[in-house]
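What follows is a short report on a single structure.
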Amino acid sequence: MILLTTNIVFPRRTFLDSYDTCAQYTDPPTALGFWIALERCTPENGALSFLPGSHLTSPITKRFVRLPGGGTGFEQLVPSQVQIPHQTGKYILEACNPGDLVLIHGSVLHKSERNTSPHTRFAYTFHMIDSPPYALYDNKNWLQPTLAMPFPHVLDTPNTVIDTGVAAEA
């Protein structure tokens, strides 16, 4: 799946803390985000911030899913009366230069503050997940592969040796 977010689509918006496993859920969770800065990212134009260690302490409390009646929305996994401890700690802001790649573990809480500058902050993002036999893609996820539009695979078959026609040295 590829998701492109830019300052044109979301002008001057604050992105609240989130984790990618919420939208690309697998069992076990395997989401990995790739965030590539296309322009300089600074505190003034909404550079990414991360909560260190949150991938170890943040339970999955909601999922972005296809709704039974159509459309998409959030499904709460924890009843509203159950108190989930608020994640505490100091977010670390990462300024980036064009071309910098930030890899984001699917369970790491991350966010972008509002762009208060006159400059854009374009970034290209996409996500990767494992497929069977390593992980199962949930049939409630908002994005579903079809026969006409299957998810692309990086490897055709896991752990397969491809014959290149070149003999290996002994």
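The values are calculated or read from the model by the stated rules, or taken from the named source; none is laboratory data. All values derive from a computational prediction rather than experimental measurement. Cβ atoms come from the backbone with ideal geometry, glycine included; neighbour counts cover every protein chain shown.
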Complete set of residues in the range 39-73 that are in contact with a strand residue (DSSP E or B) (Cβ under 8 Å, 6 or more places away or on another chain), surrounded by fewer than 19 Cβ atoms within 10 Å (Cβ to Cβ) and either among the small types (Gly, Ala, Ser) or without any contact (Cβ under 8 Å) to a residue 24 or more places away in the chain (or both):
SER49, THR61, LEU67, GLY73
Determine the pairs where a residue that is at negative phi, located within the range 22-38, has a partner that is assigned to a strand (DSSP E or B) and of a type in the set (S, T, N, Q) with Cβ atoms under 8 Å apart, the partner being 6 or more residues away or on another chain.
ALA23/ASN141; GLN24/ASN141; TYR25/ASN141; GLY33/THR125; PHE34/THR125; TRP35/THR125; ILE36/THR125
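Considering each of TYR25, TYR19 in turn, give the residue that is more than 15 Å from ASN139 (Cα to Cα), hydroxyl-bearing (Ser, Thr, Tyr) and surrounded by 19 or more Cβ atoms within 10 Å (Cβ to Cβ).
TYR19
With respect to PHE34, is the statement that it is under 29 Å from ASN139 (Cα atoms) and either surrounded by 14 or more Cβ atoms within 10 Å (Cβ to Cβ) or of a type in the set (Asp, Glu) (or both) true?
yes
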Of the residues that sit in the range 47-74 and are among the hydroxyl-bearing types (Ser, Thr, Tyr) and in a strand (DSSP E or B), which one is farthest from TRP35 (Cα to Cα)?
THR72
Close pairs (7 angstrom Cβ cut-off, 6 or more residues apart or separate chains): of a type in the set (Asp, Glu) in the range 119-141, outside any loop (DSSP other than H, G, I, E, B) anywhere
ASP130/THR26; ASP138/THR26; ASP138/ASP27
Take residues that are among the basic types (Lys, Arg), at pLDDT 75 or above and over 19 Å from SER18 (Cβ atoms) and tell me which of the strands (runs of 3 or more DSSP E) falling wholly in the range 80-170 contain 3 or more.
none
